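The values are calculated or read from the model by the stated rules, or taken from the named source; none is laboratory data. Since the model is a prediction, treat every value here as computed from it, not as a measurement. Cβ sites come from the backbone with ideal geometry, for glycine too, and all protein chains shown count toward neighbours.
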């Protein structure tokens with residue numbers, strides 16, 4: 001199956017009154033870090049907080065055009081859910097959304113806030129999908145697939161049309177890939193207009209069936225989905241999307257959890273942008289060198305910004321550790337008044353910012369007059385952290401990194 005330019009252009013016309021035309025933001029910071037010109041396509045600022053509104057709105061609008069105004073059902077980890085809920089409410093169509101029990105609370109609340117009925121089932125997208133199919137059969141509703149549907153793919157592909165319109169001389173486009181709808185849509189749009197432009201997909205290393213499908217040139221289903229990037233934690237990509245990706249894309253790479261966390265942290269620090277883990281994978285791939293962009297104009301699609309506020313702290317912690325900005329270690333001190341103060345003073349003199357201190361007198365192999373102290377400390381980087389530990393050892397402390 002293919003997605004024609006005519007279908008993509010029709011989708012673009014349908015979506016004009018619905019969408020924000022999200023900006024391309026040239027980042028001098030990321031450009032300097034990579035040697036290319038790095039632009040950010042900020043779909044985290046799109047209505048409902050992600051690109052998913054494109055495919056959902058195009059699908060529902062096409063159903064309404066055909067006279068189908070009955071109830072619709074969707075399964076989603078969160079972003080497709082919000083897109084369907086928003087589009088259905090706007091077009092007067094009843095919607096039920098099935099979401100995994102593990103979906104971020106912010107996404108559950110936002111979906112219900114758009115007026116959809118929310119049902120939770122299972123621990124991942126595939127479980128929610130099975131329950132959605134059951135509800136469809138029971139209620140005779142229309143199922144709106146989050147990615148394996150030509151009209152959904154065409155809707156996502158409008159993003160590619162926008163990039164080409166705003167930056168005609170783009171060299172590389174990088175997009176996250178879960179079920180494959182976004183990557184398939186962008187690749188189909190871009191390659192039919194300008195085959196010179198390279199299009200890459202990015203997956204989390206803990207759930208990479210599209211990357212494996214691309215390498216093996218056949219549909220591959222993952223056994224597990226273990227990643228902080230919940231928006232792309234899809235074990236079974238679509239046969240339609242994989243076929244289009246294998247035909248048009250130039251490659252699919254994977255990134256680690258620490259690389260994702262680092263990208264999120266950099267986006268917050270340097271660009272003042274809040275981006276969810278799946279949305280940051282495109283930038284993570286470029287910053288980690290998985291895709292060489294030196295001397296090229298590259299667009300990283302930030303596909304969504306719907307991150308649970310309570311999760312941000314955990315992500316920041318991961319990012320700080322990945323950048324050697326935070327270290328944890330154990331030091332043995334003599335159990336007598338003033339020993340802890342002396343230890344902390346050495347750390348302070350070395351420029352460390354102490355975040356947490358915990359005593360452990362019950363640790364094995366301690367002498368009766370000793371205590372173990374667990375310390376979490378903020379430092380300026382890997383070299384600073386190493387110098388701090390060396391200073392402690394120089395002062396006679398037995399130190400063990402955690």
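Here are some residues: 29, 22. Which one is in contact with a strand residue (DSSP E or B) (Cβ under 7 Å, 6 or more places away or on another chain), under 19 Å from residue 279 (Cβ atoms) and at pLDDT 95 or above? One residue alone meets the criteria, 22. Looking only at residues that are assigned to a helix (DSSP H, G or I) and more than 19 Å from the chain's Cα centre (by Cα) in segment 308-346, which one is surrounded by the most Cβ atoms within 10 Å (Cβ to Cβ)? Here the answer is 343.
If the condition is being closer than 19 Å to residue 341 by Cβ and either part of a loop (DSSP other than H, G, I, E, B) or free of Cβ contacts under 8 Å to residues at least 40 places away in the same chain (or both), then segment 371-392 contributes only 371.
Residue-by-condition table, conditions (1) under 23 Å from residue 38 (Cα atoms); (2) outside any loop (DSSP other than H, G, I, E, B):
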position: 227; (1), (2): no, no
position: 243; (1), (2): no, yes
position: 264; (1), (2): yes, yes
position: 286; (1), (2): yes, yes
position: 295; (1), (2): yes, no
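Is it true that some residue in segment 181-189 is in a helix (DSSP H, G or I) and surrounded by fewer than 23 Cβ atoms within 10 Å (Cβ to Cβ)? So far as segment 181-189 goes, no, none of its residues is in a helix (DSSP H, G or I) and surrounded by fewer than 23 Cβ atoms within 10 Å (Cβ to Cβ). The requirement of being modelled with pLDDT of 90 or more, farther than 25 Å from residue 257 by Cα and not in a loop (DSSP other than H, G, I, E, B) is fulfilled nowhere in segment 359-370; no residue meets it. Hey, any hits in segment 381-396 for a residue that's modelled with pLDDT under 90 and either out of contact with any helix residue (DSSP H, G or I) (no Cβ under 6 Å at 6 or more places or on another chain) or under 30 Å from residue 110 (Cβ atoms) (or both)? No: segment 381-396 contains no residue that is modelled with pLDDT under 90 and either out of contact with any helix residue (DSSP H, G or I) (no Cβ under 6 Å at 6 or more places or on another chain) or under 30 Å from residue 110 (Cβ atoms) (or both).
Okay, residues lined up against (1) touching a residue at least 24 places away in the same chain (Cβ under 8 Å); (2) within 14 Å of residue 302 (Cα to Cα); (3) touching a strand residue (DSSP E or B) at 6+ places or on another chain (Cβ under 9 Å); (4) surrounded by fewer than 19 Cβ atoms within 10 Å (Cβ to Cβ):
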| site | (1), (2), (3), (4) |
| --- | --- |
| 170 | yes, no, yes, no |
| 173 | yes, yes, yes, no |
| 213 | yes, no, yes, no |
| 216 | no, no, no, yes |
| 232 | yes, yes, yes, no |
| 242 | yes, no, no, no |
| 249 | yes, no, yes, no |
| 256 | yes, no, yes, yes |
| 277 | yes, yes, yes, no |
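Among the residues of segment 80-128, the one identified as more than 21 Å from residue 311 (Cβ to Cβ), under 20 Å from the mean Cα position of the chain (by Cα) and buried (at least 24 other Cβ atoms within 10 Å of the Cβ) is 84.
Quick check on this structure: which one of 78, 35, 92, 55 is at pLDDT 95 or above and at positive phi? Only one candidate qualifies: 35.
Conditions (1) in contact with a helix residue (DSSP H, G or I) (Cβ under 7 Å, 6 or more places away or on another chain); (2) at pLDDT below 95, marked per residue:
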residue	(1), (2)
166	no, no
169	no, no
181	yes, no
191	yes, no
195	no, no
204	yes, no
222	yes, yes
229	yes, yes
235	yes, yes
